[in-house]
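What follows is a set of notes on a single structure, which appears directly below.
The values are calculated or read from the model by the stated rules, or taken from the named source; none is laboratory data. Quantities reported herein were computed from a predicted structural model and do not represent experimental measurements. With ideal geometry, Cβ positions are generated from the backbone for all residues, glycine too; neighbour counts draw on all protein chains shown. These accessible areas exclude ligands, DNA and RNA; they are computed on the full protein's heavy atoms, side chains included. Shrake-Rupley method; radii C 1.70, N 1.55, O 1.52, S 1.80 Å.
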Amino acid sequence: MAYYFEEPSRTFSEYLLVPGYSSVECMTKNVSLKTPLTKFKKGETPAISLNIPLVSAIMQSVSDDKMAVALAKEGGISFIYGSQSIENEAAMVRRVKSYKAGFVESISNLRPEQTLADILALKKKTGHSTVAITDDGTANGKLVGLVTSRDYRVSRMEPTTLISSFMRPFNELIYGHEGITLSEANNMLWDHKLNVLPVISNEQKLLYFVFRKDYDSHKENPNELLDGSKRYMVGAGINTRDYEERIPALIEAGADVLCIDSSEGFSEWQARTLQFVRQKYGDTIKIGAGNVVDKEGFLFLAKAGADFIKVGIGGGSICITREQKGIGRGQATAVIEVAKARDEYFEETGIYIPICSDGGIVHDYHVTLALAMGSDFIMLGRYFSRFDESPTNKVNINGNYMKEYWGEGSARARNWQRYDMGGDSKLSFEEGVDSYVPYAGSLKDNVGLTLNKVKSTMCNCGVLTIPELQKNAKITLVSNTSIIEGGAHDVLLKDQHRFPVK
Ligand code: RVP
């Protein structure tokens, strides 16, 4: 006879936190969100910890090198998507590892024989007032001059005026040489009262700009997640097919941690992949596995050697796995059961394996609930896809700005390796959709706001750390009627001119 779970499977919106006693110490500035990413033995510290409990999903529409840098600046980590060629994925990892905080590649570039009109058009498009003038008009061409808004007067000059006649030519520029450190560059900015310092190669090719406004970047990002060489940390997604080639390439590129990306992780394929890593690299390479939704799945991957385990099937906003295949489990129930298994495993073995709740976060408070239920960190796709830093197009739909967001199992991603179990490709079916999500601005602002809410709730619960929240949270199920009570109700909303629809 089939096994029946006694409880229905539930999702985050069916729960609320009940406040605990808050002492005067319970202020958001005293809350630490530091959390383990990889497994560790009792009494020891994990090889990698995150400074905030957020990681970005292994998806084409979410995690490229730009997202990875933005998230590492805030203290989390991105897993670069694996549904691309090994070379492209390794190149993205390499770009994160070679990213130098404060050194930026020039975005606005023109040639000296172009005109003032071209400068104005470019400024309108990019919003930048510093334009590099290079021999070929590219970001890494030979630097021949610089134009800022101080170099021209639109009211007095013809739009056809050649850039070469009003740019500051190279021989009048102050610049740094390849290899200059950020603090040396900053000193030059201050000594020469500059707003921008070009950094050039021995062949006079433009490499980067250092802007005065970025001077305080490190101070602005006190949580940034750095490796031992002060480079941003980055993760990378892998699959259970080409891992023998992909993993060495990603390690060589500098990936700090890997994660097997699969909608269903309770499989021999994952065990084989983990075994490959342990045989080739021992414990030096950190690798997560998943996804699972119950104790059995967790124990399987724990014993197979995973450094962290992802939890969740079918809860992703773009995911239709439950509709298509009838497999999955409510995200809250899955996290609660796996967290219990993780704690029991820790009791028995003295090894703590962090778990990650993956998918289905809709409201900021869902992050707090997922942590309170035992997650060590949370993976989000839709959330990050809405930001400037996600790789997708920003489009205007009926007067509203939206970003594109599509699932890895959608026809658009064509990542059949993740979903297809082999066989005739004509029999493949989609497990994800292609969609729009409302554009939300910068990652920094949004993550700051979300985490402030998380910290504030933690204070209401009387806790200052994630382990304390996991231990002391009081959580209650809510009835359908009380869910209605939780939103604005029985009032006519002014900005929508209608009764709230639940
Ligand atoms: P969400 O944050 O709710 O958008 O969910 C993101 C998660 O959804 C991913 O981390 C992944 O586990 C899952 N996903 C990605 N693609 C698909 C799909 O096409 N079905 N699902």
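Laid out as a table, the results:
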item	result
Subset of the stretch 102-114 [open to solvent by less than 50 Å² (accessible area, probe 1.4 Å) and either in contact with a helix residue (DSSP H, G or I) (Cβ under 6 Å, 6 or more places away or on another chain) or farther than 18 Å from residue 150 by Cβ (or both)]	102, 103, 104, 108, 109, 110, 112, 114
The stretch 376-395: number of residues that are more than 10 Å from the ligand (Cβ to nearest atom) and either outside the structural domain of residue 235 (by TED's automatic domain parsing) or more than 22 Å from residue 413 (Cα to Cα) (or both)	2
Filter result for residue 14 (open to solvent by 30 Å² or more (accessible area, probe 1.4 Å), in contact with a strand residue (DSSP E or B) (Cβ under 7 Å, 6 or more places away or on another chain) and among the acidic types (Asp, Glu))	yes
From the options 297, 254, 282, residue that is out of contact with any Gly (no Cβ under 9 Å at 6 or more places or on another chain) and more than 22 Å from residue 77 (Cα to Cα)	282
Close pairs from the stretch 120-137: first in the same structural domain as residue 170 (by TED's automatic domain parsing) and open to solvent by 60 Å² or more (accessible area, probe 1.4 Å), partner of a type outside the set (Phe, Trp, Tyr) and part of a strand (DSSP E or B), Cβ under 8 Å, at least 6 apart	123/131; 135/142; 135/144; 136/142
Residue match in the stretch 335-343 (condition: part of a helix (DSSP H, G or I), touching a residue at least 40 places away in the same chain (Cβ under 8 Å), open to solvent by less than 50 Å² (accessible area, probe 1.4 Å) and within 16 Å of the ligand (Cβ to nearest atom))	yes
Subset of the stretch 233-245 [open to solvent by less than 10 Å² (accessible area, probe 1.4 Å) and basic (Lys, Arg)]	none
Wholly within the stretch 432-502, helices (runs of 4 or more DSSP H) carrying at least 3 residues that are open to solvent by 60 Å² or more (accessible area, probe 1.4 Å) and touching a residue at least 60 places away in the same chain (Cβ under 8 Å)	443-460
Any hit, the stretch 390-410, residues being surrounded by fewer than 22 Cβ atoms within 10 Å (Cβ to Cβ), at pLDDT below 90, closer than 24 Å to residue 70 by Cβ and not hydrophobic (A, V, I, L, M, F, W, C)	no
Leading residue by the ranking (farthest from the ligand (Cβ to nearest atom)) among those in the stretch 61-96 that are within 18 Å of residue 414 (Cβ to Cβ) and crowded, with 22+ Cβ neighbours inside 10 Å	89
Test: residue in the stretch 219-232 that is charged (D, E, K, R) and open to solvent by less than 80 Å² (accessible area, probe 1.4 Å)	yes
Count of residues meeting criterion [open to solvent by 30 Å² or more (accessible area, probe 1.4 Å) and either modelled with pLDDT under 95 or part of a loop (DSSP other than H, G, I, E, B) (or both)] in the stretch 246-275	3
All positions within the stretch 355-375 that are within 16 Å of the ligand (Cβ to nearest atom) and more than 15 Å from the chain's Cα centre (by Cα)	355, 360, 362, 363, 364, 365, 366, 368, 369, 370, 371, 375
Conditions (1) among the hydrophobic types (A, V, I, L, M, F, W, C); (2) open to solvent by 70 Å² or more (accessible area, probe 1.4 Å); (3) within 23 Å of the chain's Cα centre (by Cα); number of the one not met by residue 154	(3)
Flag for residue 81 being of a type in the set (Ser, Thr, Tyr), at pLDDT 95 or above and under 17 Å from residue 197 (Cα atoms)	no
Filter result for the condition that a residue is of a type outside the set (S, T, N, Q), assigned to a helix (DSSP H, G or I) and within 16 Å of the ligand (Cβ to nearest atom), over 322, 278	322
Within the stretch 287-319, tally of residues that are open to solvent by 30 Å² or more (accessible area, probe 1.4 Å) and either part of a strand (DSSP E or B) or at positive phi (or both)	1
